[in-house]
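The structure appears below as structure tokens.
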Amino acid sequence: MARFLPVGKGVKGPAGFMLAAIPALGAVLTGLAITGSLVGRMARDHPLATYGAFGLAVLAIFAGAVAAFALDDGSTEERAAVYSGLALIATSLLFGVYAGVQTWGDRAQPSIMLTPKAGKTVAVTVRGTGLRSSDHIVVEVEQLIRKPNDSGRLTWTPGQPLYGASLGPDDDGRIQYTVDIPVPAGDYDDLGARAWVGDEPRPCYARGNTTGCVRVHVPRPQERPQLAVSWETFVRAPRLLVHLTAKNLPQRPSRSMTLRVYGIAADQTRRNLAEWSLAPNADGEFDRRLAVVVGHAFADVCVVASTSTRGPECPAPAEDGTVWSQLAVPVV
């Protein structure tokens, strides 16, 4: 009998038997504790069952100590304490096994991160653990457009989808995946990304960033027009070469570019030599090269480009969307 009673050695029979059961309970809980920090996850994900397992184990020890040292051998009170302690041990084991099995079966939510990179790309990183072989993480990246909702409050509304994927886990039930996504031009400055397992969740961008849902701001400030002019003089009549560029122009409402070339005579009279109304490409950018034959009738030329007015003067007042340049006509 003594080899079965490492704790109850030297105490009375029934109570000693119950105290001998305490190491078995401790061995079970210790085995759970050393299995991948399971007890910490049990306490986090299933607190009631975990606290019940350890709390009942403490009560069982207390009941065994009372039966062994405070009650008469063979008395009714001793038997009641022993039976109560054994019931506490069994219940503690049930709670512990239940919490451990439930924790082993828990599925952690995936995490996702967006990182703006140099150029027009963002890096999307998805991580997931504890996945079953049949699980898949669904990933979506989309434009976010700031619009008022039904109550008039500004919120983020999903726009054009940019990327989608369904990712499976490796042999250890983990996923770690990174991909670079080009950011197309458009009237938006935010991107949203979601990752989930199972049924599609509700959009979460309006409530801030959560696990499995992230919103990132991609600033793309509008660039003022860039105007470069030069002369081509190896021809019979001087010819003006114009290079006009601009980036990140809004598409809603569409913003056109007005380009004018004026010839200025020696008596300061002006003549409109050429005029264009140009539209940006699908990426909201200009990159145009134009040529204008000026001839020898003018002393100077003035070139003006503007996205803020359709009838710009040259020289033009200081405006965010207007640039100009005045040059003397070369003598050939």
*Say we look at segment 82-110 and pick out the residues that are at pLDDT below 75 and of a type outside the set (G, A, S); which of these is most open to solvent (accessible area, probe 1.4 Å)?*
W104
*Do we find that T76 is of a type in the set (S, T, N, Q) and under 24 Å from V216 (Cα atoms) in this structure?*
no
*Are there any pairs, at least 6 apart or on different chains, whose C-beta atoms fall under 7 Å, with the first in segment 111-129 and modelled with pLDDT under 85 and surrounded by fewer than 18 Cβ atoms within 10 Å (Cβ to Cβ) and the second in a loop (DSSP other than H, G, I, E, B) and basic (K, R), and if so, which?*
T129/R174
*Would you mind stating whether Y177 is among the hydroxyl-bearing types (S, T, Y), within 30 Å of H46 (Cβ to Cβ), at pLDDT 85 or above and not in a loop (DSSP other than H, G, I, E, B)?*
yes
*Here is a list of conditions, (1) within 30 Å of V183 (Cα to Cα); (2) surrounded by fewer than 17 Cβ atoms within 10 Å (Cβ to Cβ); (3) hydrophobic (A, V, I, L, M, F, W, C), and A328 meets all of them except one; can you say which number that is?*
(1)
*Would you please name the residue that is least open to solvent (accessible area, probe 1.4 Å), looking only at residues in segment 264-280 that are at negative phi and either polar (S, T, N, Q) or part of a loop (DSSP other than H, G, I, E, B) (or both)?*
A265
*Just wondering, is there one or more residues in segment 156-172 that are in contact with an Asp or Glu (Cβ under 8 Å, 6 or more places away or on another chain), within 28 Å of F286 (Cα to Cα), of a type in the set (S, T, Y) and surrounded by 14 or more Cβ atoms within 10 Å (Cβ to Cβ)?*
yes
_Candidates G321, G295, G311 - the one that is under 30 Å from V183 (Cα atoms) and modelled with pLDDT under 85_ = G321
*Which condition does D135 not pass, out of (1) open to solvent by 40 Å² or more (accessible area, probe 1.4 Å); (2) more than 19 Å from the chain's Cα centre (by Cα); (3) within 21 Å of V214 (Cβ to Cβ), if it passes all the others?*
(1)
*Residue ID - nearest to R44 (Cα to Cα), chosen from residues in segment 62-85 that are assigned to a helix (DSSP H, G or I) and out of contact with any helix residue (DSSP H, G or I) (no Cβ under 6 Å at 6 or more places or on another chain)*: F62
*Looking only at segment 138-155, which residues are open to solvent by 40 Å² or more (accessible area, probe 1.4 Å) and on the phi < 0 side of the Ramachandran plot?*
V138, E140, R146, K147, P148, N149, D150, S151, R153, L154
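The values are calculated or read from the model by the stated rules, or taken from the named source; none is laboratory data. Quick caveat: nothing in here was measured; it's all calculated off a predicted structure. All Cβ positions, even for glycine, are placed from backbone atoms using ideal geometry, and neighbour counts span all protein chains on display. We work out accessible area using only protein heavy atoms, side chains counted, and drop any ligands, DNA or RNA first. Shrake-Rupley method; radii C 1.70, N 1.55, O 1.52, S 1.80 Å.
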